[in-house]
Structure formats: C-alpha cells, structure tokens
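Participant: What follows is a structure written as structure tokens; I'll ask about it next.
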C-alpha cells in the first residue's frame with residue numbers, strides 16, 4: 001500500500017520533520033533533566049524522577065508522555081508501576097540527526 005502524503009511530508013524532508021519533533025520534545029528544561037537522569041540509570045520509575053526533580057508527579061508524568069510520544073524514551077509496565085528508560089535505538093538516530101544538523 002502506498003503511503004498517503006500529508007502537507008508536512010510534501011513540504012519538508014522526513015529527517016527535518018523528525019528533527020523538529022526531537023527538538024520539540026527536548027524544548028523544556030524538565031525534559032532535558034529527565035533525559036539526563038535516565039542516561040545515568042538503566043530504568044527509573046516516575047516516583048524516582050519526582051524525588052530528583054522539584055516537580056509534581058502529574059507534571060513529571062506529562063513530560064514523560066511527551067518524551068515517550070517522541071520516541072526518545074520507552075516505558076515497560078511492571079505492575080504496579082512503569083519503568084522508563086532511554087530508547088537507545090531512537091536516541092542514536094536523534095544524535096545522528098542533531099550532529100548532521102549542526103555540521
């Protein structure tokens with residue numbers, strides 16, 4: 001089946017759209033702090049992040065959702081909580097796109 005093009009697809013290169021999504025996800029200091037925290041741990045639950053950052057649990061959850069929607073992190077459900085970690089494959093792609101952009 002042929003992929004239907006959207007206005008964004010026809011106006012911008014796919015890598016540029018992906019890069020914009022990455023930058024948008026990283027455009028808040030709390031999300032950068034979360035990524036930094038996760039980069040130093042194998043996994044982390046939301047409550048651990050709340051203990052590290054001066055943010056409410058609901059705020060941290062919203063930031064985690066944005067990072068997850070962008071594909072930068074992933075969450076594994078381990079009842080009763082969700083363990084978050086950096087999505088290494090997507091992070092590697094993000095780093096490559098950012099490096100290419102900065103050259």
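Every number in this text was worked out from the coordinates using simple rules, so none of it is lab data. The shown structure was predicted, so the numbers you read here are calculated from the model rather than taken from an experiment.
Participant: Taking only Cα atoms, what is the 0 to 90° angle, nearest 10, from helix 57-69's long axis to the longest principal axis of the chain?
Facilitator: 30 degrees
Participant: Counting only helical runs of four or more DSSP H residues, what would the 222 nm mean residue ellipticity of the chain come to if each run contributes -39,500 (n - 2.57) and the total is spread over all its residues?
Facilitator: -18000 deg cm²/dmol
Participant: Can you classify the range 29-88 as rounded, prolate or oblate using the Cα gyration tensor, where a ≥ b ≥ c are the square roots of its eigenvalues, rounded means a/c under 1.5, and otherwise it's prolate if a/b beats b/c and oblate if not?
Facilitator: Details: a/c = 1.29, a/b = 1.08, b/c = 1.19.
Judged from the Cα gyration tensor, the range 29-88 comes out rounded (a/c under 1.5).
Participant: OK, next. What's the whole-number percent of alpha carbon pairs in the chain lying beyond 19 angstrom?
Facilitator: Working: 2483 of 5253 pairs.
Tail of P(r) above 19 Å: 47 percent of Cα pairs.
Participant: In the Gaussian network model of the chain, springs joining C-alpha atoms below 10 Å, which of 93, 77, 34 carries the largest mean-square fluctuation?
Facilitator: In this elastic network of the chain, the residue with the biggest mean-square fluctuation among 93, 77, 34 is 77.
Participant: If you don't mind, there's one more thing I want to ask. For the chain, what relative contact order do you get, as a whole percent, if you take Cα pairs closer than 8 Å and at least 6 residues apart?
Facilitator: It rounds to 26 percent for the chain.
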